[in-house]
1. I'm a student and want to see the number: the projected area of the Cα convex hull of region 84-131, averaged over all directions, in nm².
2. What percent does the relative contact order of the chain come to when contacts are Cα pairs within less than 8 Å and at least six residues apart?
3. Return the equivalent ellipsoid semi-axes of region 3-66 as a descending list in whole Å, where each equals the square root of 5 times an eigenvalue of the C-alpha gyration tensor.
4. So for each of 91-102, 53-64 I average, over its residues, the number of other beta carbons within 10 Å; can you give me the resulting order with the highest mean first?
5. Arranged by the count of other C-beta atoms within 10 angstrom, fewest first, what order do F10, F116 take?
6. For the chain, what is the largest minus smallest coordinate of the Cα atoms on each principal axis, given in angstrom and ordered from greatest to least?
Amino acid sequence: MSIGELAAHFGLATHVLRHWEARGLLAPARDAAGRRRYRTADLTRVAVVLRAKEAGLSLDAIRSLTGVSDAEERRSLLREEAEALRSRIAAAQASLALVECALGCEHEDITQCAHFQRAVRERVGRDAAVAHAPAE
């Protein structure tokens, strides 16, 4: 299968597949003219990469996970990814709460809302603490 055929199969642009190859996620065979030739294993690999991206994994994390054969090392990487996802989910939930609060706020100017002002004070305090933390 050519790069165009593979890209069309998954609804991707060909440059995406070239980028994944450059990042070490794909290693297609080459024909005598040097053109990429994708096999069944490559289709499976693209499906794995797409599913992992849908799960929120970065290309670096996907490369690490797919390149590891040791089960304990894979679990360790997955634990790290799970924690990163939990952090992103918590941040997204906090953002959603702020937006929903703003939507229900009676103030014309969101900066006049007590909830908004408290969130800003908390952020200023957290950032100030980081700025004054001793360097390691």
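1. On the way: hull surface 15.6 nm².
Taking a quarter of the hull surface, the average projection is 3.9 nm².
2. Working: 70 pairs, mean separation 18.5, N = 136.
Result for the chain is 14 percent.
3. On the way: eigenvalues 80, 31, 20 Å².
Here the semi-axes work out to 20, 12, 10 Å.
4. Details: 91-102: 11.3, 53-64: 14.7.
Put in order of decreasing packing, that is 53-64, 91-102.
5. On the way: F10 13, F116 17.
So the ranking, lowest neighbour count to highest, is F10, F116.
6. 68, 40, 25
All of the numbers you see were taken from the coordinates with simple rules; none came from a lab. Since the structure is predicted, the reported quantities are computational estimates derived from the model, not experimental observations. In this analysis, Cβ positions are derived from the backbone assuming ideal geometry, glycine residues included, and neighbour counts consider all displayed protein chains.
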